[in-house]
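What follows is a single structure, written as structure tokens, with notes after it.
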Amino acid sequence: MLREIVLDTETTGLDPTKGDRLIEIGCIELYNRIPTGREFHQYINPDRDVPPEAEAVHGLSTQFLKDKPRFQDVADAFLEFIAGDTLVIHNAQFDVGFLSAELVRFGRSPIAMSRVIDTLALARRKHPAGPNSLDALCKRYGVDNSKRTKHGALMDSLLLADVYVELLGERQATLGLAQSTAGKNGTTRNAGGTQRKALQRPSALAPRLTDELEVAHRAFVETLGATAIWRQFYPAPPAETDKGS
């Protein structure tokens, strides 16, 4: 089975080489492109203040983060969760840069880009005219992101899992994400948490089985003998009565 980890982070800024730090990691596990329900989510104390402009994006304040564990305290659990599997990330250079900087800071190996699928690169190839932000892709594919009032690593991972399957064109192959649950009235629940109607044909397809084909098939079944398994599903027609009696 194919195991992949959809991952997102939040940070204090844009550049880990200039002192910006990781403050949130969100991951969800996929098997064969379907979420299993297993998640890794952690807020992290960056040991520095969160600039107001960064807080305005993700809503995570210095005060909120000050009692959270430091990266070195959660690194083992994070690495155990992602194991050696493929990581699915939107604008992967950014997130991998921050994760690798934190890992190297505490004597761990950086994350190799060879194990990463960048959904931004996928989107740019599929939709070269853009836009290809996560919000834009949610709108393009009908993924409900109305609850995404601010950036959040776990919420963005859930949305990205839905978008990822759409980018690959595998929605029908996977019968939707495991995140989706069928409703009693034919609705499905998407990653954003709201229900949407399953698409229906405007009119039923015309039947392809003609009377001639049915007669021909019945004649073929008759040649298979009395013990043919087909007879369990296609019983012999009732015997005709003598109309003259």
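Where a number appears in this text, it was derived from the coordinates with a stated rule and is not lab data. Predicted model only: the values in this text are computed from it and were never measured. Using ideal geometry, Cβ is built from the backbone for each residue, glycine included, and neighbour counts are taken over all protein chains shown.
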Cα-centred dipole magnitude for the range 3-197, charges only on beta-carbon of K, R (+1) and D, E (-1), debye, nearest 20
760 debye
What would the Debye equation give as log₁₀ I(q)/I(0) for the range 22-100 at q = 0.18, 0.22 Å⁻¹, counting only Cα atoms as equal point scatterers?
-0.85, -1.16
Would you give the gap between the C-alpha center of the range 35-55 and the C-alpha center of the range 82-103, rounded to a whole Å?
14 Å
Could you tell me which residue out of ILE44, VAL143, PHE78 lies farthest along the dipole of the range 3-197 toward its positive end? Charges go on the beta carbon: Lys and Arg +1, Asp and Glu -1, centred on the Cα centre.
VAL143
Subtracting the Cα-Cα distance of LEU209 and ALA112 from 0.36 nm times their residue separation yields 29.4 nm
How high is the FRET efficiency between ASP135 and GLU80 when r is their beta carbon distance and R₀ equals 35 Å, given to the nearest 0.05?
0.65
Quick one: in the range 3-197, what % of C-alpha pairs are over 20 Å apart?
55 percent
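Tell me, what is the FRET efficiency for ALA121 and ARG3 to the nearest 0.05, using R0 = 25 angstrom and their Cβ-Cβ distance as r?
Result of the calculation: an efficiency of 0.75.
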Per the 1/(1 + (r/R0)^6) rule, R0 = 35 Å and r from the Cβ atoms of TYR31 and GLN72, FRET efficiency to 0.05 is 0.75
Around GLU24, which amide H atoms from residues at least 5 apart in sequence, or from another chain, sit under 5 Å from its own amide H, with H modelled in the peptide plane?
GLU10, ILE44
Would you mind computing, in nm to one decimal, how far apart the modelled labels at ARG38 and ILE229 are, each placed 7 Å from Cα along Cα→Cβ?
3.7 nm
